[in-house]
Amino acid sequence: MGLGNDYILDRLSKIEVLPTFPDVVGEVMKVIEDPMSSATDLAKSLDPSMAGEILRVANTAYYGTRNFRNITSIEHAIAIIGFENLSHIVLNMPFMSMIQSDSVFDRTRYITHSLVCAVLSRTISDSTGVANPGEVYLGGLMHDVGTVIIYRYFHDEWDRMRTLVNEKGITWTAAETEILSFDHGYLGAELLNTWNIPRSVTDGVRYHHCPEVAEENKGHAIVINLGNKFAKRIDLRDNFSSFDEFLNNYRDVVELVRDLGVDLAPSTELKFFEKAFIELRNTKGFFEGVLEEKHD
């Protein structure tokens with residue numbers, strides 16, 4: 001039997017995040033998406049917890065600062081990290097505080113999959129002209145937050161879902177629907193709605209497993225769905241040193257893109273893979289530095 005909507009909303013209202021997060025995140029995202037904004041503009045929007053995390057990341061080995069100098073200015077830290085990586089840090093901070101890796105939930109895998117989905121969703125949007133690249137980046141980044149919420153705040157239901165998956169061999173999403181009457185996309189979107197995240201972003205999150213039922217922003221849902229499928233095939237432990245090897249391994253992804261109803265011309269197809277390759281190589285570098293520093 002599924003859970004009632006009032007029960008779900010009541011449970012969501014009790015979720016503890018950084019005290020200022022729901023208020024701050026909207027302002028941070030506006031600044032990040034504004035091409036005329038500066039590091040100084042962004043610094044004004046951050047609370048102390050966010051500022052501290054950004055300084056920590058800026059001082060990791062990946063950004064070339066360790067053993068050379070210590071970054072103590074938030075403006076300097078933001079300039080070093082860049083707005084894109086900064087959005088990943090800001091949007092995932094409260095969820096990272098909710099989970100620790102254990103035998104059930106792989107925290108590192110969740111973090112890396114989220115960003116890979118985001119950058120690939122944006123690459124698909126850029127290459128096909130479907131949806132807004134910035135909005136699908138944010139939606140891709142947040143598409144699985146509902147899974148974190150279920151794991152952290154719906155303990156009994158999580159255990160029952162694990163039993164269903166193990167005994168019946170059904171997918172995790174199907175188990176969510178059977179136990180909760182909704183999946184993690186719906187739950188994540190409901191939470192983001194309480195934080196006034198734009199509908200174009202939350203619809204992509206809500207329908208990323210079922211884009212065909214989206215009544216609005218269907219393009220966003222389709223792109224994130226494809227970005228998610230592509231991301232599930234990516235292992236950041238690969239070296240991404242050979243574009244030819246990358247192209248050979250993932251050439252069939254074009255068939256997924258054609259599900260959008262868009263046939264990529266050969267030249268556009270090549271640019272799509274070149275951009276995806278560069279994005280994934282940069283993402284690998286970002287995580288190697290940051291996650292390595294976490295375990296030093």
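The values are calculated or read from the model by the stated rules, or taken from the named source; none is laboratory data. Since this is a predicted model, take the numbers as computed values, not measurements. Glycine also receives a Cβ, built like all others from the backbone with ideal geometry; neighbour counts cover every protein chain displayed. Ligands, DNA and RNA are excluded from the accessible area calculation, which covers all protein heavy atoms including side chains. Shrake-Rupley method; radii C 1.70, N 1.55, O 1.52, S 1.80 Å.
Structural remarks
- Computed accessible area, residue 158, all protein chains, 1.4 angstrom probe, square angstrom: 20 Å²
- Taking 27 Å as the limit for the C-alpha separation, the pairs 218/275; 30/232; 168/229; 229/271; 232/271; 229/275 exceed it in the case of 30/232.
- Karplus-derived 3J(HN,Hα), 6.51/-1.76/1.60, for each residue of region 120-135, Hz, glycine and proline x: 6, 4, 5, 4, 4, 4, 4, 7, 9, x, 8, 6, 9, x, x, 6
- Ordered by 1.4 Å accessible area with all protein chains kept, 153, 7 run largest first as 7, 153.
- Fully extending the segment from residue 156 to residue 10 would add 50.9 nm, taking 0.36 nm per residue of separation and subtracting the current Cα-Cα distance.
- Structural descriptor for region 180-275: relative contact order 17 percent, calculated from alpha carbon pairs under 8 angstrom and at least 6 residues apart.
- Fully extending the segment from residue 107 to residue 271 would add 55.8 nm, taking 0.36 nm per residue of separation and subtracting the current Cα-Cα distance.
- Cross-link partners of residue 284 among aspartates and glutamates (Cα-Cα below 12 Å; sequence separation of 8 or more within a chain): 235, 238, 292
- Largest to smallest accessible area among 76, 155 [probe 1.4 Å]: 155, 76
- For the listed peptides 34-40, 117-123, a ranking on the average number of other beta carbons within 10 Å per residue, highest first, reads 117-123, 34-40.
- Estimated at the nearest 10 Å², the accessible area of residue 252 is 80 Å² with a 1.4 Å probe.
- FRET E, pair residue 30, residue 76, Förster distance 22 Å, beta-carbon r, rounded to 0.05: 0.50
- Accessible surface of residue 108, taken over heavy atoms with a 1.4 Å probe and every protein chain present, rounds to 50 Å².
- Ordered from highest to lowest accessible area with the whole protein assembly present and a 1.4 Å probe, 215, 75, 33 read as 215, 33, 75.
- Equivalent ellipsoid, region 128-238 (semi-axes from 5 times Cα gyration tensor eigenvalues, Å): 24, 17, 13
- Surface/4 estimate of mean projected area, convex hull on alpha-carbon atoms of region 175-272, nm²: 8.3 nm²
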